[in-house]
Amino acid sequence: MSTPVQFGIDALLSQAGKFKNLRLAFVTNNAATTSRGIPGRVALLQSKFDLVKLFSPEHGLTALGEDGVFQTNITDVATGLPVISLYGDRLKPSREDLADVDVVLFDIPDVGCRFYTYLWTMTYIMDACAECNKPLFILDRPNPSGGDLNLIEGPMLDEANCSSFIGRWSIPIRHSCSAGELANYFAATRIKGLDLQIIKVLNWNREQAATNAEWFFVPPSPAIPDPETVLFYPGMGLLEGINVNEGRGTDHPFKIFGAPWINAYQIHEEFENLKLPGVLTYPYSYEPRFGIFCNEKCHGLQLKITDVTSFRPARTGVELVNLIASLYPGNCKERLYKTRANPTGERHLDKLTGIHTSFEKIKNKKLIDFRRDISPWKEIINPYLLYQ
């Protein structure tokens, strides 16, 4: 039997003495639990850490807020602590927010995808701590999509044209790193003068993903309900950039997609002809309860991963976008995806793919190359890796 994985929060709990008489701010949400499923902030208070305030990311402290929706400051029911939203009036803590704390702790589960916002909240925390001379501790967690660097997928991000809150700096869509490893990289290359310490995960190896591991999985947001969805997200999330329903408003987000104008049997045949590895599809019709095409009959596909090792989510998602645009050129349109961080919703597909004028390229048959520019990533990130 393998030794259980211990998260960074588990290791920190044994170090309470190092933080005696220090006032702590904690960036967290309900998905950040100990390996025994206890909310991290509750466990810290039980171990006599002096938490004075909390910060929460997109989806709020509960991790149940709707995608892209403004989150207000609240008081945490579990601890009585004030919670400052970093997806509300601001995306980054102010100097005033950090004036009465000595150390900042960060513990938010990521999903291993560039356009998931928790990673970029971490970078704004890093910025604020560097500016205010506050030590920052990243309580690391396994990448739930795994750490196998052979499974990296692009494209890389065009920072000059596509930088946003769903992709601030140039990394692959599927990066195969832990948050702590990316923090190491950003501290060395982007954010100077930061007092950064990583509390490592114990007993995790890079081949372990949430689908084949035994650690406690808590949905990090409403549309990522299980480990299989974590693997779909780097590809199926690209569908947010065109006018199809990506499964939101159903019990199967990112595992199904559809639109009223898609012929499910036609797209099934065309998709199967691509012979993409590790995935099967079935014609599927449904009515989403909310979101795009709410209460309308949508037709499309249901996807099933058959082999997590050979499945390439970003390639699959890019091929689907290309296929939909090719089969339904009169219906497929670029989608305005309005969020707190992108109020106009414009150029959302560019921000997802990291490629400027993505939709125009697709419509003109200049197909997006999901492999573009990712070959150097292994060499770039290698000095900052923490796990074998």
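Listed values, structure above:
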item: Residue count for region 145-154, restricted to those that are in a loop (DSSP other than H, G, I, E, B) and surrounded by fewer than 23 Cβ atoms within 10 Å (Cβ to Cβ); result: 2
item: Condition met for Arg190 (over 23 Å from Lys338 (Cβ atoms), open to solvent by less than 30 Å² (accessible area, probe 1.4 Å) and more than 17 Å from the chain's Cα centre (by Cα)); result: no
item: Within region 94-138, tally of residues that are under 20 Å from the mean Cα position of the chain (by Cα) and part of a loop (DSSP other than H, G, I, E, B); result: 9
item: Residues located in region 284-331, provided they are under 30 Å from Gln208 (Cβ atoms) and hydroxyl-bearing (Ser, Thr, Tyr); result: Thr306, Thr309, Ser310, Thr316
item: From Ile374, Ile381, Ile368, residue being modelled with pLDDT under 95 and either in a helix (DSSP H, G or I) or closer than 16 Å to Leu239 by Cβ (or both); result: Ile368
item: Test: Val42 is open to solvent by 10 Å² or more (accessible area, probe 1.4 Å), farther than 14 Å from Ala25 by Cα and of a type in the set (A, V, I, L, M); result: no
item: Lone qualifier among Phe290, Phe271 - being open to solvent by less than 40 Å² (accessible area, probe 1.4 Å) and modelled with pLDDT of 95 or more; result: Phe271
item: Members of region 210-234 that are within 12 Å of the chain's Cα centre (by Cα) and open to solvent by less than 40 Å² (accessible area, probe 1.4 Å); result: Pro220, Ser221, Ala223, Ile224, Thr229, Val230, Leu231, Phe232, Tyr233, Pro234
item: Identity of the residue in region 240-268, open to solvent by 10 Å² or more (accessible area, probe 1.4 Å) and among the polar types (S, T, N, Q), that ends up nearest to Val318 (Cα to Cα); result: Asn243
item: Residue in region 330-341 that is open to solvent by 70 Å² or more (accessible area, probe 1.4 Å), of a type in the set (D, E, K, R), modelled with pLDDT of 95 or more and in contact with a strand residue (DSSP E or B) (Cβ under 8 Å, 6 or more places away or on another chain) present; result: yes
item: Residue within region 158-166 that is over 19 Å from Val27 (Cα atoms), modelled with pLDDT of 95 or more and open to solvent by less than 10 Å² (accessible area, probe 1.4 Å) present; result: yes
item: Some residue of region 35-53 being of a type in the set (Phe, Trp, Tyr) and within 25 Å of Gly237 (Cβ to Cβ); result: no
item: Test: Glu360 is touching a Leu at 6+ places or on another chain (Cβ under 8 Å), among the charged types (D, E, K, R), open to solvent by 20 Å² or more (accessible area, probe 1.4 Å) and more than 29 Å from Ala183 (Cα to Cα); result: no
item: Some residue of region 337-356 being among the aromatic types (Phe, Trp, Tyr) and more than 30 Å from Gln208 (Cα to Cα); result: yes
item: Conditions (1) crowded, with 21+ Cβ neighbours inside 10 Å; (2) farther than 22 Å from Val201 by Cα; number of the one not met by Thr33; result: (2)
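Residues checked against (1) within 22 Å of Gly40 (Cβ to Cβ); (2) assigned to a loop (DSSP other than H, G, I, E, B); (3) touching a Cys at 6+ places or on another chain (Cβ under 6 Å):
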| residue | (1), (2), (3) |
| --- | --- |
| Met156 | no, yes, no |
| Cys177 | yes, yes, no |
| Leu182 | yes, no, no |
| Ile224 | yes, yes, no |
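Matching residues to (1) touching a strand residue (DSSP E or B) at 6+ places or on another chain (Cβ under 9 Å); (2) of a type in the set (A, V, I, L, M); (3) over 21 Å from Asp127 (Cβ atoms):
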{"site": "Gln46", "(1), (2), (3)": "no, no, yes"}
{"site": "Lys53", "(1), (2), (3)": "yes, no, no"}
{"site": "Gly60", "(1), (2), (3)": "yes, no, yes"}
{"site": "Glu66", "(1), (2), (3)": "no, no, yes"}
{"site": "Thr72", "(1), (2), (3)": "yes, no, yes"}
{"site": "Asp76", "(1), (2), (3)": "yes, no, yes"}
{"site": "Thr79", "(1), (2), (3)": "yes, no, yes"}
{"site": "Leu86", "(1), (2), (3)": "yes, yes, no"}
{"site": "Arg90", "(1), (2), (3)": "yes, no, no"}
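The values are calculated or read from the model by the stated rules, or taken from the named source; none is laboratory data. Keep in mind that this is a model prediction, so the values were computed, not measured. In this analysis, Cβ positions are derived from the backbone assuming ideal geometry, glycine residues included, and neighbour counts consider all displayed protein chains. For accessibility, only protein heavy atoms count, side chains too; no ligands or nucleic acids. Shrake-Rupley method; radii C 1.70, N 1.55, O 1.52, S 1.80 Å.
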